[in-house]
1. Send over the semi-axes of the chain's equivalent ellipsoid, whole angstrom and largest first, taken as the square roots of 5 times the C-alpha gyration tensor eigenvalues.
2. Please compare each pair in K121/K169; K13/K48; K15/K42 to a cut-off of 23 Å on the Cα-Cα distance and tell me which ones are over it.
3. Evaluate the Debye formula for segment 79-191 with equal point scatterers sitting on the alpha carbons, no solvent, and hand back log10 of I(q)/I(0) at q = 0.12 Å⁻¹, in q order, two decimals.
4. In debye to the nearest 20, how big a dipole does the chain give about its Cα centre with +1 on each Lys and Arg Cβ and -1 on each Asp and Glu Cβ?
5. Report the local net charge at R19: Lys and Arg +1, Asp and Glu -1, summed over other residues whose C-beta lies under 12 Å from its C-beta.
6. Could you please report the charge total around K185, scoring K, R as +1 and D, E as -1 over all other residues with beta-carbon less than 11 angstrom from its beta-carbon?
7. In deg cm²/dmol, rounded to 500, what helix-only [θ] at 222 nm does the chain give when every DSSP H run of at least 4 residues adds -39500 (n - 2.57) and the total is split over its residues?
8. State the answer as a single residue: which of N100, S166, A17 lies farthest towards the positive end of the charge dipole of segment 2-190, with beta carbon charges of +1 for Lys and Arg and -1 for Asp and Glu, about the Cα centre.
Amino acid sequence: MNEDKKIDRRILKTKRAIRNSFAELLSEKDLNSITVSDVANKADINRKTFYNYYSGVYQVIDEIENELICLFDNEINDIDFQEAMKNPQPIFEKLTDIINSDIEFYGYLMKSNGSISLVSKISELLKRKVKNVFAKQISISEPKLDLIVNYSINGMLSAYQEWFNSDRKYPLDKFSNDVGTITFKGINGLV
């Protein structure tokens with residue numbers, strides 16, 4: 001039984017190394033030019049070890065996408081938007097916790113070049129989910145809802161991408177708090 005836990009931890013550690021290396025490579029080069037050898041070398045493993053877990057680089061990106069989508073999906077479902085409009089900080093505290101759980105990994109993803117669709121897929125998922133949950137809780141016309149959701153999600157993701165690409169002197173918790181204020185109260189809420 002104890003040996004199973006060690007194996008599980010080793011598997012998790014190896015998969016994390018593969019995923020982090022893949023994400024780091026995405027911040028450096030186009031997805032189509034990333035090879036299994038690139039990922040294996042960066043993760044300090046051999047190709048055979050890589051193939052023990054993944055059939056190729058596209059399976060890595062699929063797994064990352066699915067996990068992130070599931071993670072954000074679970075968080076979005078718990079949002080009470082009527083309450084969030086009064087106090088958005090709990091939402092952004094959760095987002096900060098998610099980012100802090102693996103800040104290096106998220107940093108690589110947010111720095112990935114424009115050829116990768118992961119950030120775009122996350123954006124579309126977030127828009128769909130927020131729109132569905134928001135529409136169930138608040139009565140608003142479809143065009144206004146689309147405007148709010150598109151503006152908010154695109155603005156938030158853009159702000160986080162800029163933060164990850166900066167020197168990060170702006171503390172993440174303060175940054176997230178301010179993004180939440182702008183998202184729900186506008187610029188006047190911040191200044």
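FYI, it's all coordinate maths here, none of it is from the lab. Just so you know, these numbers come straight off a predicted model, no measurement behind them. All Cβ positions, glycine included, derive from the backbone under ideal geometry; neighbour counts span all protein chains shown.
1. Working: eigenvalues 229, 62, 55 Å².
They are 34, 18, 17 Å, listed from largest to smallest.
2. Working: K121/K169 28 Å; K13/K48 16 Å; K15/K42 13 Å.
Among K121/K169; K13/K48; K15/K42, the Cα-Cα distance tops 23 Å for K121/K169.
3. The computed values of log10 I(q)/I(0) come out as -0.43.
4. Details: 26 positive and 28 negative charges, 35 e Å.
It works out to roughly 160 debye.
5. Charge balance in the 12 Å sphere: -3.
6. Values: positive: K86; negative: D178.
For residues surrounding K185, the net value is 0.
7. Working: 10 runs with 151 residues, N = 191.
Rounded to the nearest 500, the figure is -26000 deg cm²/dmol.
8. A17
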